[in-house]
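*Asks:* Attaching a single structure in structure tokens format; questions to follow.
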Amino acid sequence: AVSPRDVASLRPNQRTRRVNVGGVPMGGGAPCVVQSMLNAPADDVEANLRQIRALEAAGCEVVRMAIPRRAYLDQFAEVCAKSPLPVVADVHVDAGIAIEAARRGAAKLRINPGNIGGWEKTDEVIEAARAAHIPIRVGVNAGSLDDALKARADLTLPEKLAASAVEYVRHFEQRDFGDVVVSAKAHDVQATIATYRALAQEIPQVPLHIGITEAGTLMQGVIKSACGLGILLNEGIGDTMRISLTDEPTEEVRACWMLLAALDLRRRGPEIISCPTCGRCQVNLIDLAKKVDGRLANRVEPVKVAVMGCVVNGPGEAADADLGVACGAGSGVVFKRGEVLRKVPEADIVDALMEELEKLV
Ligand code: SF4
């Protein structure tokens with residue numbers, strides 16, 4: 001038995017209940033699950049499967065697919081049947097679609113009880129998920145709070161979001177359905193942090209899906225998400241994450257992994273150590289680092305690769321790298337864990353690094 005003192009020492013994401021999303025464990029101390037959402041047309045099975053394969057190669061563990069119309073349920077079922085990753089059905093407004101998706105292969109349902117047609121319809125979705133042995137994510141967001149809650153002047157936005165999510169969780173639990181994950185996202189970073197902190201306090205048993213919604217294009221979206229999710233993850237809040245970007249879904253997955261690695265929570269794929277360049281640099285280092293980044297994009301080995309602008313500071317500052325290059329005038333010295341291997345012309349640096357990486361792994 002776990003003593004109350006031991007429980008108190010657990011991080012929030014170790015206290016949550018474990019749910020199973022198509023074989024991927026979520027919550028209860030499992031590693032934070034990386035997910036993304038498909039944006040191919042919902043009726044194009046091949047395009048969705050292509051995107052799922054690309055996401056899988058990038059390290060995505062769960063994908064979500066919108067089903068905007070009942071007519072697309074056949075395509076959804078086919079994607080589920082052929083997908084190498086668990087597929088979550090994302091449904092708004094029409095409870096009938098969620099019920100049918102549960103019967104036809106969804107690994108999880110994502111609904112917003114606020115727009116699914118009232119408590120009666122919500123209960124029908126709960127029964128469909130129970131019969132299919134799949135969890136439901138209750139996804140609340142700032143744009144779809146119910147009118148009564150929205151109108152409350154005495155509550156802040158985080159209080160409204162948390163109150164809404166908690167009310168739904170209580171309803172699910174009254175129906176003896178505990179297979180629930182909750183998200184309550186806002187596009188404001190501080191509001192999102194405050195909301196998830198409140199949820200971790202008020203419903204500590206429920207796994208949390210964290211994210212900043214409508215975070216923006218690549219640069220802004222990554223920065224807002226890294227701020228918000230980084231703070232939450234560092235506090236042990238968050239059982240699964242999505243970094244929402246107005247960009248390719250594979251970029252969302254790369255950003256998730258980079259954030260998890262930066263916090264030393266999970267690692268997948270290489271980390272690049274590259275200098276910002278200065279007046280000592282005599283090669284096109286920015287271009288070189290981008291090329292190395294591109295060639296390493298889908299590798300899974302957790303190696304550190306250094307791309308440094310000069311030999312003055314380069315090898316010393318990247319001494320803990322597994323592999324690296326320190327550049328000189330039109331050339332570079334390739335080194336492995338601080339030991340010099342060979343000198344190559346600038347044009348051959350990327351290939352030389354990749355060759356040495358193959359030998360290393
Ligand atoms: Fe400048 Fe060399 Fe440092 Fe790069 S490694 S910033 S080129 S001193």
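*Asks:* Any residue in the stretch 162-191 that's over 16 Å from L145 (Cα atoms) and touching a residue at least 60 places away in the same chain (Cβ under 8 Å): show its pairings with residues that are among the hydroxyl-bearing types (S, T, Y) and buried (at least 18 other Cβ atoms within 10 Å of the Cβ) at Cβ separation under 9 Å, as long as the two are six or more apart or on different chains.
*Replies:* From the stretch 162-191, the pairs are V180/Y168; V181/T16; V181/T240.
*Asks:* Quick one: count up the residues across the stretch 276-302 that are within 12 Å of the ligand (Cβ to nearest atom) and either more than 16 Å from I349 (Cα to Cα) or of a type in the set (V, I, T) (or both).
*Replies:* Within the stretch 276-302, residues that are within 12 Å of the ligand (Cβ to nearest atom) and either more than 16 Å from I349 (Cα to Cα) or of a type in the set (V, I, T) (or both) number 7.
*Asks:* Which pairs do you get when a residue that is touching a residue at least 12 places away in the same chain (Cβ under 8 Å), found in the stretch 280-303, comes within reach of a residue that is outside any helix (DSSP H, G or I) and acidic (D, E), reach meaning Cβ atoms under 8 angstrom, with the pair 6+ apart or on two chains?
*Replies:* Pairs that qualify, where the first residue is touching a residue at least 12 places away in the same chain (Cβ under 8 Å) and the partner is outside any helix (DSSP H, G or I) and acidic (D, E), are P302/E271; V303/E271; V303/D322.
Here's the yes/no breakdown for (1) in a loop (DSSP other than H, G, I, E, B); (2) farther than 30 Å from C227 by Cβ; (3) in contact with a helix residue (DSSP H, G or I) (Cβ under 9 Å, 6 or more places away or on another chain):
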residue	(1), (2), (3)
R266	yes, no, yes
K290	no, no, no
R295	no, no, yes
N298	yes, no, yes
V311	yes, yes, no
D320	yes, no, no
E358	no, yes, no
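*Asks:* May I pose another question? Restricting attention to the stretch 29-55, which residues are out of contact with any helix residue (DSSP H, G or I) (no Cβ under 9 Å at 6 or more places or on another chain) and in a helix (DSSP H, G or I)?
*Replies:* E46, A47, R50, R53
*Asks:* A further question follows. Return yes when I237 is within 15 Å of the ligand (Cβ to nearest atom) and either in the same structural domain as S331 (by TED's automatic domain parsing) or within 20 Å of the chain's Cα centre (by Cα) (or both) and no when it is not.
*Replies:* For I237, the condition - within 15 Å of the ligand (Cβ to nearest atom) and either in the same structural domain as S331 (by TED's automatic domain parsing) or within 20 Å of the chain's Cα centre (by Cα) (or both) - is not met.
*Asks:* Across the stretch 329-361, what is the total count of residues that are within 15 Å of R299 (Cβ to Cβ) and among the small types (G, A, S)?
*Replies:* 0
*Asks:* When you check G105 against the structure, is it part of a helix (DSSP H, G or I) and either at pLDDT below 95 or on the phi > 0 side of the Ramachandran plot (or both), yes or no?
*Replies:* In short, no.
*Asks:* For V305, indicate whether it is in contact with a Pro (Cβ under 6 Å, 6 or more places away or on another chain), in the same structural domain as A352 (by TED's automatic domain parsing) and either within 12 Å of the ligand (Cβ to nearest atom) or not in a loop (DSSP other than H, G, I, E, B) (or both).
*Replies:* yes
The values are calculated or read from the model by the stated rules, or taken from the named source; none is laboratory data. All of these numbers come straight from a predicted model, not from anything done at the bench. All Cβ positions, even for glycine, are placed from backbone atoms using ideal geometry, and neighbour counts span all protein chains on display.
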